[in-house]
Every structure is written in C-alpha cells, then in structure tokens.
Amino acid sequence: MALSKLLVASLLLSFVLFHLVHADQPVAAQTEGSFVQQIDCNAACGARCRLASRQRMCHRACGTCCRRCNCVPPGTSGNQEVCPCYASLTTHGGRRKCP
C-alpha cells in the first residue's frame with residue numbers, strides 16, 4: 001500500500017515538473033526575439049541615399065527594405081553582399097527593389 005502511494009506521488013510530481021518545464025519554453029522563445037535590436041532605418045537610408053539623384057524614391061525604397069530586413073548595406077551603393085536579405089528583394093518586374 002505504501003509502495004503504491006509512493007508511486008502515485010512520484011508520478012504526480014513528475015507530471016507537475018514536466019508541465020512546468022513545458023510551459024516555460026514558449027516564454028523563453030519570446031524573450032529571445034526581443035534581444036534583436038532594430039536599426040534606425042531613417043538614418044541608415046539617409047546615409048545610403050544621400051548621393052542619389054532621386055532621393056525621395058531612394059529613401060522610400062530603402063526604408064521598405066530596411067524594415068523588412070533590419071539591415072542596410074554600408075556606403076551609398078553596392079556592398080549588397082553584407083545584407084543578403086536586402087539584396088534579394090525584387091520588384092514585380094524582377095529588378096532589384098533596394099537601392
């Protein structure tokens with residue numbers, strides 16, 4: 001009789017511990033995503049588009065790409081290998097979207 005009570009108690013304790021550990025995992029996954037720092041897209045795109053002939057269009061396209069990728073390549077042109085997401089975005093016509 002004592003053995004069966006001990007078995008039931010240990011199973012109950014195991015179930016409670018399993019439940020607590022399993023319930024804690026989604027919270028940990030949510031907090032990991034909060035450590036990703038958002039860049040200042042206005043400043044980054046301002047620097048990227050400062051020499052563009054059509055600055056408003058460049059800044060608008062760069063801003064869209066920056067918000068999607070959270071990355072803007074350094075310099076005023078090129079360097080797209082630094083930010084693969086930024087380089088892979090295209091328009092409906094198949095041209096590169098990001099300046």
> Could you give every pair whose Cβ atoms fall below 6 Å, whose first residue belongs to the stretch 29-55 and is open to solvent by 100 Å² or more (accessible area, probe 1.4 Å), and whose second residue is modelled with pLDDT under 95 and assigned to a loop (DSSP other than H, G, I, E, B), counting only separations of at least 6 or pairs across chains?
Replying inline: LEU51/THR76
> Do we have HIS59 as modelled with pLDDT under 90, surrounded by 10 or more Cβ atoms within 10 Å (Cβ to Cβ) and either more than 21 Å from the chain's Cα centre (by Cα) or among the aliphatic types (A, V, I, L, M) (or both) here?
Replying inline: no
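The values are calculated or read from the model by the stated rules, or taken from the named source; none is laboratory data. These numbers were taken from a predicted model, which means no experiment stands behind them. Methodologically, a virtual Cβ is constructed for each residue, glycine included, from the backbone with ideal geometry; neighbour enumeration extends over all protein chains shown. Just the protein is used for accessible areas: all its heavy atoms, side chains included, with ligands, DNA and RNA removed. Shrake-Rupley method; radii C 1.70, N 1.55, O 1.52, S 1.80 Å.
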